[in-house]
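The next block holds one structure in the form of structure tokens; read it before the comments.
The values are calculated or read from the model by the stated rules, or taken from the named source; none is laboratory data. Here the structure is a predicted model, which means the values were calculated and not measured. Neighbour counts run over all protein chains shown; Cβ positions are idealised from the backbone, glycine included. These area figures cover heavy atoms from the full protein model, side chains too; ligands, DNA and RNA do not enter into them. Shrake-Rupley method; radii C 1.70, N 1.55, O 1.52, S 1.80 Å.
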Amino acid sequence: MTENEARLHERKHFWRDELLLILSMVIFVVVVYALDNALQPIFTPSTLLMAGVFLALVPAGIWLVFFNLQDRAEPEPKGHVLAIFGLGALLGAAIGIPVVENLFRVSHWIYSSTIATILGGILVVGFTQEFLKYAAVRYSIYYTDEFDEPTDGVIYATAAGLGYATVLNIQFVVANGGVDLGAGVIRMAVVALAQATFSGITGYFLGRAKFESEPIWWMPLGITLAAVFNGLFNWLQGIVIRPTVTLSGASNNAWMGLVLAAVVALLTTGVLLWLVRRNIKHLQATE
Amino acid sequence: MQQSKQLSLGDRYAEITVVTVTIIALVIGWFYKSSIENASLPFSAEGISAEAPKGWIQFQTSGDELFRAVDINSKGFGTTYTISKIIIADDVPALEVSSLVALNHAQNLLAFRVLSQQEVQVYGRTAYELDYVYVESNPDLTHSEMPKIVRGTDYIFVSNGEAVIVSYQADEKNYDVDLSRFLLFLRSIKF
């Protein structure tokens, strides 16, 4: 494929797989939740930890399965996708989590007010996470022959985002000595969907930056948009999952968090697909 | 991975801009974090005033204790500041008050150990510093958590027949990181 053909290549399978990923994630959560309620398994501390870590790996596993299936039609080096996934995870574990949790100690102050939740979520959590996911792609695969079409930006950034999400979920499981399967699996799916979605935004900007002559503010705009969405999502999620306390007890709204994550992921994927198609039409019209 | 393209000057500038924007966001985030963590509310009782941390829970106190604030967002043991005032004889030295405070802690706190005690200068005042450690154990039997190791430091100021004891207690893991906020509180105390 020439560079010109690559610029006009839409990768229909990838977008279908993005939608399937969102749907599968919801199905995965429903199945685990139903099984947990039906079987009510009893775990020892170590098996609970292992079950939690396994569940943390499942969202990335689902995406990789779909990616592998579509890869037959539009080959992309699986090793490279896995490497970017690993790099996203590594950067999250080595830099992202220590910066957010230990240096900025966000859990200590971010929930002190609405404005603190939004600003802290954007300036600290959002920028740290989105920059690291950008770096995982930008300083590895970006200038190689394998990154040969704009949609590759979304593919590799999604892989980095899922790597980061996997580490966040494993850290959550380990820090809590395991998780309640029902509530835990919802949280994991939300984190995976959110991280994959926001890094998809960065990926779109990366893809355009490589193959088109974009202004100097293009890439900073991409990171900023992803960070803003990241921060706003965390704030909104905090609102929708807030437990409702009544005289008869408290009810958990964790499911609303999943609904929100799925809707945001669907909308973002839709917008990115629309932008890619619009860009291709624009390029075709100008040639 | 094979390199396909060299970095152009525009790419290089774009890359620098991304890093700059991220650093600016984090610096603003840092200042914002500091402004929240260092925000304070005035406290005053029995001739002692201080700038208490905003957003912490202030407990109703009784007896010698005039002030107790706990940071509920702390991981593990909630970082706690207290101010107490005890009446003493005019000629009692700070060392003796320190021993009395240590004895009192030993009676009330589990596995209490004094790590060090020494005379220090605290923002222009002479004080006695008592550094200690103990194990916090929740008496609630339904509480299924490991007991926490708590590190504490008391500053004992003695003058005119009374001793003011300013105390800082934090989870052993948070002691060093929370210390700078406590020093801000300590500096604000006037009596």
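Looking at B:L103, B:L110, B:L95, which one is open to solvent by 50 Å² or more (accessible area, probe 1.4 Å), over 20 Å from B:S188 (Cβ atoms) and modelled with pLDDT under 90?
After ruling out the rest, the residue left standing is B:L95.
Report, by residue number, each residue of segment A:103-125 that is in a helix (DSSP H, G or I), of a type outside the set (A, V, I, L, M, F, W, C) and at the interface with chain B (Cβ under 8 Å from one of its Cβ atoms).
Scanning segment A:103-125 gives A:S107, A:H108, A:G120.
From B:A50, B:A25, B:A69, B:A39, grab the single residue that is within 18 Å of the chain's Cα centre (by Cα), among the hydrophobic types (A, V, I, L, M, F, W, C) and within 11 Å of chain A (Cβ to nearest Cβ).
Step by step, each of B:A50, B:A25, B:A69, B:A39 is checked, and only B:A39 is within 18 Å of the chain's Cα centre (by Cα), among the hydrophobic types (A, V, I, L, M, F, W, C) and within 11 Å of chain A (Cβ to nearest Cβ).
Got at least one residue in segment B:150-173 being away from every other protein chain (no Cβ under 14 Å), part of a helix (DSSP H, G or I), under 16 Å from B:Y123 (Cβ atoms) and open to solvent by 10 Å² or more (accessible area, probe 1.4 Å)?
No; the residues of segment B:150-173 include none that is away from every other protein chain (no Cβ under 14 Å), part of a helix (DSSP H, G or I), under 16 Å from B:Y123 (Cβ atoms) and open to solvent by 10 Å² or more (accessible area, probe 1.4 Å).
Of the residues A:A189, A:A136, A:A175, A:A183, which single one is small (G, A, S) and at pLDDT 90 or above?
Of A:A189, A:A136, A:A175, A:A183, the one residue that is small (G, A, S) and at pLDDT 90 or above is A:A136.
Are any residues in segment A:180-222 of a type in the set (S, T, N, Q) and touching a residue at least 60 places away in the same chain (Cβ under 8 Å), and if so, which ones?
Those that are of a type in the set (S, T, N, Q) and touching a residue at least 60 places away in the same chain (Cβ under 8 Å): A:Q195, A:T197, A:S199, A:T202.
Among B:T20, B:T82, which is open to solvent by less than 40 Å² (accessible area, probe 1.4 Å) and among the hydroxyl-bearing types (S, T, Y)?
Selected residue: B:T82, the only one of B:T20, B:T82 that is open to solvent by less than 40 Å² (accessible area, probe 1.4 Å) and among the hydroxyl-bearing types (S, T, Y).
Identify, from the list A:G182, A:G203, A:G178, the residue that is part of a helix (DSSP H, G or I) and touching a Gly at 6+ places or on another chain (Cβ under 8 Å).
A:G203
Return the total of residues in segment B:88-142 being out of contact with any strand residue (DSSP E or B) (no Cβ under 7 Å at 6 or more places or on another chain) and either part of a helix (DSSP H, G or I) or not aliphatic (A, V, I, L, M) (or both).
The number of residues fulfilling the criteria is 17.
Of all residues being surrounded by 15 or more Cβ atoms within 10 Å (Cβ to Cβ) and among the hydroxyl-bearing types (S, T, Y) in segment A:255-287, which is modelled with the lowest pLDDT? Just the residue, please.
Here the residue is A:T269.
For A:S213, only one of the following conditions fails: (1) over 14 Å from the mean Cα position of the chain (by Cα); (2) in a helix (DSSP H, G or I). What is its number?
Exception for A:S213: condition (2).
Pairs, please: C-beta under 9 Å, at least 6 apart or cross-chain, first residue closer than 11 Å to B:A163 by Cα and in segment B:92-103, second assigned to a helix (DSSP H, G or I) and open to solvent by 30 Å² or more (accessible area, probe 1.4 Å)?
Within 9 Å, the pairs are B:V92/B:L100.
What residue, of A:T246, A:T197, is over 17 Å from A:L272 (Cα atoms) and either at pLDDT below 85 or crowded, with 23+ Cβ neighbours inside 10 Å (or both)?
A:T246
Might you check whether a residue that is touching a residue at least 40 places away in the same chain (Cβ under 8 Å) and among the hydroxyl-bearing types (S, T, Y) occurs anywhere in segment B:63-75?
Within segment B:63-75, one or more residues are touching a residue at least 40 places away in the same chain (Cβ under 8 Å) and among the hydroxyl-bearing types (S, T, Y).
Considering only residues of segment A:130-165 that are open to solvent by less than 10 Å² (accessible area, probe 1.4 Å) and among the acidic types (D, E), which is nearest to the other protein chains (Cβ to nearest Cβ)?
Restricting to residues being open to solvent by less than 10 Å² (accessible area, probe 1.4 Å) and among the acidic types (D, E), the top hit is A:E130.
Which members of segment B:174-191 meet the condition of being within 12 Å of B:G152 (Cα to Cα), of a type outside the set (D, E, K, R) and either in contact with a helix residue (DSSP H, G or I) (Cβ under 7 Å, 6 or more places away or on another chain) or open to solvent by 10 Å² or more (accessible area, probe 1.4 Å) (or both)?
B:N174, B:Y175, B:L179
Could you please tell me which pairs satisfy a Cβ distance under 9 Å, a separation of 6+ or placement on different chains, a first residue in segment B:15-26 that is without any contact (Cβ under 8 Å) to a residue 12 or more places away in the chain, and a second residue that is hydroxyl-bearing (S, T, Y) and buried (at least 17 other Cβ atoms within 10 Å of the Cβ)?
Hits for this filter: B:V18/A:Y134; B:V21/A:T224; B:T22/A:T128; B:T22/A:Y134; B:A25/A:T128; B:A25/A:T224; B:L26/A:T128.
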